[in-house]
Amino acid sequence: MDTSFIRWYEAIAKRRSYRTYDKSKILEPEKIEALNNVCKEFKPFPGVRATPVTEPREDVFKFIAGSYGVISGAPAFIAFIGDKNNPNVNEYAGYIGEGIILEATALGLGSCWVAAAFSAGKTADIIEMNDNERLMAVTPLGYAVQNTSIKDKVMTGFGRTHKRLSVEKLVTGLSYEQSPEWIKDAIEAARLAPSAVNRQPWGFNIEEDGITVFVRSSGTDFNISYRLDCGIAMLHIEVAALNAGIRGKWEFLESPGVARFRVV
Ligand SMILES: Cc1cc2nc3c(=O)[nH]c(=O)nc-3n(C[C@H](O)[C@H](O)[C@H](O)COP(=O)(O)O)c2cc1C
């Protein structure tokens, strides 16, 4: 990953999911250009593309009663589309999508991963897709109305959806306390990653020369792959490592392993 992405490190702490946007504030041309560029350029893995749509399309965000996700007022969205035949498409989509979401955060925009409460049919009417492609998730983009409405408070469980599990619950392997600073930074950044219904399905095994991400728990499934969440955590690990001056490489693993980040 390019060192220019270090600026995403700050965005990790700032990012949170926003579901209500100010309809009257459209995106400035320079922000649209920056988003187009990151979607075009941030392609560290094959088989996933991100397509921005810079017009309001409320119809894409449908509300499923009894489920979650009311998104309103967004002037733009990005669709994350994956190759059905790529065995690592979920972790790739999480990793790439989160890079783009952190770029949006750095640009001062609100976002929200949406992999359940959206209409794949409506999105496919707007974006052309090949037979081998699958719509993995979308994110609204725009200027968020701070989550003060009762609807938002309910959707975020009155703050519960932002709570994260403790490091002790997530870490195995070598001692976290005695780990080098970059490992602690990377695990702290991964802990802050968003996951579907905040299920935080990841675990992190600390090793001599790196960190292995694995699926630790099942939790609520919602038909969204745990490996997609883990791909998001991977991006956070690598950004934090780069910020600490550490470069590494990912090696993908069989389930329940996801990928091992090894210092190079
Ligand atoms: C893969 C994925 C899918 C998600 N799907 C939805 C969704 O369909 N609707 C929704 O409102 N939020 C969705 N979310 C947002 C999560 O609920 C949110 O990230 C989590 O509760 C943590 O809160 P935070 O993002 O504010 O830190 C999704 C998040 C991820 C990572």
So Tyr9, is it among the aromatic types (Phe, Trp, Tyr), surrounded by 17 or more Cβ atoms within 10 Å (Cβ to Cβ) and modelled with pLDDT under 95: no
Failed item, numbered, when Ile224 is tested on (1) under 23 Å from Arg15 (Cα atoms); (2) buried (at least 24 other Cβ atoms within 10 Å of the Cβ); (3) of a type in the set (A, V, I, L, M): (2)
Single residue of Pro46, Pro56 found to be part of a loop (DSSP other than H, G, I, E, B) and modelled with pLDDT of 95 or more: Pro46
Qualifying residue in segment 38-61 (condition: surrounded by fewer than 18 Cβ atoms within 10 Å (Cβ to Cβ), closer than 19 Å to Phe222 by Cα and within 16 Å of the ligand (Cβ to nearest atom)): no
All positions within segment 12-30 that are exposed (fewer than 14 other Cβ atoms within 10 Å of the Cβ), touching a residue at least 40 places away in the same chain (Cβ under 8 Å) and among the small types (Gly, Ala, Ser): Ala13
Any chance Ala76 is more than 13 Å from the ligand (Cβ to nearest atom), of a type outside the set (Asp, Glu) and modelled with pLDDT of 95 or more: yes
Residue in segment 233-244 that is in contact with an Asp or Glu (Cβ under 8 Å, 6 or more places away or on another chain), surrounded by fewer than 20 Cβ atoms within 10 Å (Cβ to Cβ) and over 19 Å from Ala11 (Cβ atoms) present: no
Any hit, segment 244-259, residues being of a type in the set (Ser, Thr, Tyr), touching a residue at least 12 places away in the same chain (Cβ under 8 Å), under 24 Å from Cys112 (Cβ atoms) and not assigned by TED's automatic domain parsing to the domain that holds Pro87: no
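The values are calculated or read from the model by the stated rules, or taken from the named source; none is laboratory data. Everything numeric here is computed off the predicted structure, so don't read it as measured data. Neighbour counts are summed over all protein chains in view; Cβ atoms, including those assigned to glycine, are modelled from backbone coordinates with ideal geometry.
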